[in-house]
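No value in this document is a laboratory result; all are computed from the given coordinates. A quick note: this is a predicted structure, and the numbers were derived from the prediction, not measured. In this analysis, Cβ positions are derived from the backbone assuming ideal geometry, glycine residues included, and neighbour counts consider all displayed protein chains.
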Amino acid sequence: MSRDMPKDPSGKPMWYGRRRTHKLRPGRQRLVDDLLPRLLIADPAKDAPITLDPGFGPPDRELRLEIGFGAGEHLSGEAAASPNVDFIGCEPFINGVAALLADVERLDLKNIRVFDDDVRLLLGRLPENTVSVVYILFPDPWPKARHNRRRIFQYETLDMLARIARDGALLQFASDHMDYAAWALAEVRRHPDWVWTARGPADWRNPPEGWVSTRYEAKAVRKGDKPAYLAFRRRARGQAG
Ligand SMILES: C[S@@+](CC[C@H](N)C(=O)[O-])C[C@H]1O[C@@H](n2cnc3c(N)ncnc32)[C@H](O)[C@@H]1O
């Protein structure tokens, strides 16, 4: 895990988070050494298209993607609740990946693959028209105006997601930063392929049925914050926006 931060063509870092905070405990390091290589969906250092393993994802099974899964509570909870659905989890923070691996082992989950780097190194390589649900939950808010463009939820990401999303796919976003929620709505409003599904306040003030909470969400709720849960649908190809 000594890879450098990925850079865009102008030399700016693509991902601004931390890869590691503290040394992994020996049990977690063993999972990273032994289990992670078996679950990796692709090598971040390469840019070749990704071919899904036979039996993983479409055409036989639904495929979902979680971007920035943190310590993986939502991802492992969803995967355990839906063993007939396959999941790709993306997270560059190795301590979080190790926490997910502990859940994968403990719950004996067979339906998770991992990409341990910046999601933008993944999205362009996944096959078109394959993903049914994308989760972006409590992403880093980058609240200072001069940092807003670092937000993972932005027009360019919506473009990349529209390519891999199936017609009618769900994009589930949640945040306790109302400024970021407003930003997400504005980005979707100017994008031709995505539409906000809410019919009234209850649809975005409450988590969807059967929701599995995340660590950041729990922290925000303990502080008394009320997160926004925004669900977007990918329009059918050929349907005017
Ligand atoms: C605030 S945390 C939220 C984690 C988790 N979703 C939760 O709700 O507890 C945001 C996460 O997104 C990850 N992240 C940030 N930029 C990313 C990127 N470009 N690609 C993938 N993950 C990213 C960070 O490493 C971090 O774990």
Q: Please give, to one decimal in nm, the separation of the simple spin-label points placed at Arg233 and Asp33, each 7 Å out from Cα toward the Cβ.
A: 5.0 nm
Q: Along Cα→Cβ, 7 Å out, is where each label goes; now give me the distance between the ones at Arg25 and Glu128 in nm to one decimal.
A: 4.7 nm
Q. Counting only residues 5 or more places away or on other chains, whose amide H sits under 5 Å from the amide H of Met14 once H atoms are built in the peptide plane?
A. Lys7, Asp8
Q: Could you tell me what percent of the DSSP beta bridges with both partners in the chain are antiparallel, to the nearest 5?
A: 30 percent
Q: Please give, to one decimal in nm, the separation of the simple spin-label points placed at Ser213 and Arg146, each 7 Å out from Cα toward the Cβ.
A: 3.7 nm
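Taking the Cβ of each residue in His22, His147 as the centre, tally the other Cβ atoms inside 10 Å and list the residues starting with the fewest. Don't skip to the answer; put the middle values down first.
Details: His22 6, His147 12.
So the ranking, lowest neighbour count to highest, is His22, His147.
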**Q.** R0 of 41 Å, Cβ-Cβ distance Val195-Asp108: FRET efficiency to nearest 0.05
**A.** 0.60
Q: Treat the count of other C-beta atoms within 10 Å as a stand-in for reagent exposure and order Thr51, Thr214 from fewest to most.
A: Thr51, Thr214
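Quote the relative contact order of the chain in percent (integer), defining contacts as alpha-carbon pairs under 8 Å separated by 6+ residues. List each step's numbers first, then the result.
Working: 414 pairs, mean separation 44.1, N = 241.
This gives 18 percent for the chain.
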(Q) I want the local charge near Trp142. Using Cβ-Cβ distances under 12 Å, sum +1 for each Lys or Arg and -1 for each Asp or Glu among the other residues. (A) +3
Q | Karplus (6.51, -1.76, 1.60) ³J(HN,Hα), θ = phi - 60°, over the range 157-168, in Hz, Gly and Pro reported as x | A | 5, 4, 4, 5, 5, 4, 5, 8, 6, 6, 4, x
Q. Taking springs between alpha-carbon atoms closer than 10 angstrom, which of Ser76, Ser213, Ser175 fluctuates most in the Gaussian network model of the chain?
A. Ser213
Q.
Among Gly27, Ala102, Ser132, which residue has its Cα furthest toward the positive end of the charge dipole of the range 13-144, with +1 on Lys/Arg Cβ and -1 on Asp/Glu Cβ?
A. Gly27
**Q.** Estimated Rh, the chain: Kirkwood, alpha-carbon pairs, angstrom
**A.** 18.4 Å
**Q.** Environment charge at Ala236 (Cβ cut-off 10 Å; Lys +1, Arg +1, Asp -1, Glu -1)
**A.** +3
**Q.** Estimated dipole of the chain in Debye, rounded to 20 [Cβ of Lys and Arg +1, of Asp and Glu -1, Cα centre]
**A.** 800 debye
Q | Candidates Asp47, Asp86, Asp117: whichever shows maximal mean-square fluctuation once the chain is modelled as a Gaussian network with Cα springs under 10 Å | A | Asp47
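Under the 0.36 nm per residue contour assumption, what length would be gained going from the current alpha-carbon distance of Gln154 and Met178 to full extension? Each step should come with its number before you reach the end.
Numbers: separation 24, 0.36 × 24 = 8.64 nm, distance 1.54 nm.
Extra length from Gln154 to Met178 when fully extended: 7.1 nm.
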